[in-house]
1. Specify whether the C-alpha gyration tensor of segment 167-323 places it in the rounded, prolate or oblate class, a ≥ b ≥ c being the square roots of the eigenvalues: rounded for a/c under 1.5, otherwise prolate if a/b is larger than b/c and oblate if not.
2. Note down the relative contact order for segment 9-179 as a percent, whole number, built from C-alpha pairs under 8 angstrom at least six residues apart.
3. Give me a comma-separated list of calculated 3J(HN,Hα) values for segment 229-240, in order, Karplus coefficients 6.51, -1.76, 1.60 applied at θ = phi - 60°, integers in Hz, x for any Gly or Pro.
4. DSSP loop GluC sites (Glu not before Pro) in segment 215-295 with at most 16 other Cβ atoms within 10 Å of their Cβ, which ones?
5. Residue-wise, which Karplus ³J(HN,Hα) couplings in Hz belong to segment 13-22, taking 6.51 cos²θ - 1.76 cosθ + 1.60, θ = phi - 60°, and x for glycine or proline?
6. Considering the alpha-carbon set of segment 237-322 alone, what are its Rg and its Dmax in angstrom?
7. Could you pull out the trypsin sites (Lys or Arg not before Pro) across segment 12-87 that fall in loop regions by DSSP (anything but H, G, I, E, B) with no more than 14 other Cβ atoms inside 10 Å?
8. Quick check for the chain: number of Lys pairs with alpha-carbon distance under 30 Å, counting only pairs 8 or more apart or on different chains?
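Laboratory data are not the source of any read-out in this text; all were calculated from the coordinates shown. Keep in mind the model is a prediction, meaning the values are calculated, not measured. FYI the Cβ positions are ideal-geometry reconstructions off the backbone, even for glycines, and counts take in every protein chain you see.
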Amino acid sequence: MTEPNYPVARRECPGRGRLELRGTEAKDFLHRLTSNDVASLEPGRGCATLLLERTGRFVDRLIATDRGHGVLLLGSDGRAGPVAAGLGKFIIVEDVEIVDWGASHTWTTVSGADAAGALRERLGVDPDSLEPFAHVTLPDAGPDALVLRAEDVGGRCYHVLLPAGSPVAARLADLPEMSDDEWRERRIVAGVPEFGEEFGDRTVALETRMTDAISFTKGCYIGQEVVARLYNYDRIKWGLVRLAIDGTDVPESGVPLRDGPDEVGAVASAAGVGGRVLALAYVKKAHLAPGTRLTLGAEPGGVGAERAAEVLPLHPAGDPAWA
């Protein structure tokens, strides 16, 4: 299946969480509390990692990038407070300070087929060679300005963090701004879930299949016992999938998926994409394999006809963030 070739566009992210951990023990502290091997990061490089409750449910999915003198955490919309609280209660004698960048720095996401070229032209940096979650600084844009490579969404995708009021922000203003619906479409095509839409604070982490953000060898972190038990004993009952759905009508969240007479899942989000429908959905473990054929049920109240749906690979080929 050919993925759309999206034009370069930007998305302003005023509500997304951005916190910096400062102090001599910041990286080790984050390593001990979150799910991935943060301790092995070198300055300029990053990884995805999960901050969980002890139950294995989400506080948030985070990008952690090593700034040399601290670790920057980029999270979901409205989650800076819960993340700061979740980390802060474990600071006892550690040399760690949590600094909220929400008011001090703007966040603009730029994605599209030539996003790297657009940033090269406007910001004078070449982010094309960055590994996923690595960053490059922008010295002429003020203190702490940087460009970070994210998961591919609509093509290459970058997060640009600038000090509030920096004149450099004007260099991005000519890029078209994405609506919420346009961003959702790009995310669904890329198989990238978002907090508040496809997962939340009641979601068990492994159900989202975010194994890119979990080290199964590094040892303890908050929620590790639950994650390890579910993983090692294959106890996960549901998993996130990407679906292609026949027809052009976009189903609502919650519309059931069936295998014969049995209900085996439900749509989490969906979008019309170039005359077809793609969706993110949760299905039972036995139906996770690409190529699995399911039936999309009628809308709530029995509206609409049933339609065929096929499970796709969760992420399109070629995105190294999920390798």
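1. In terms of gyration-tensor shape, oblate.
2. 26
3. For segment 229-240, the Karplus-derived couplings read 5, 5, 6, 5, 9, 6, 9, 6, 9, 10, x, 7 Hz, x marking Gly and Pro.
4. Glu252
5. Residue by residue, segment 13-22 yields 10, x, x, 6, x, 9, 10, 10, 9, 10 Hz.
6. Rg, Dmax (Cα atoms, Å): 12.3, 42.
7. Arg54
8. Going through the chain pair by pair, I get 8.
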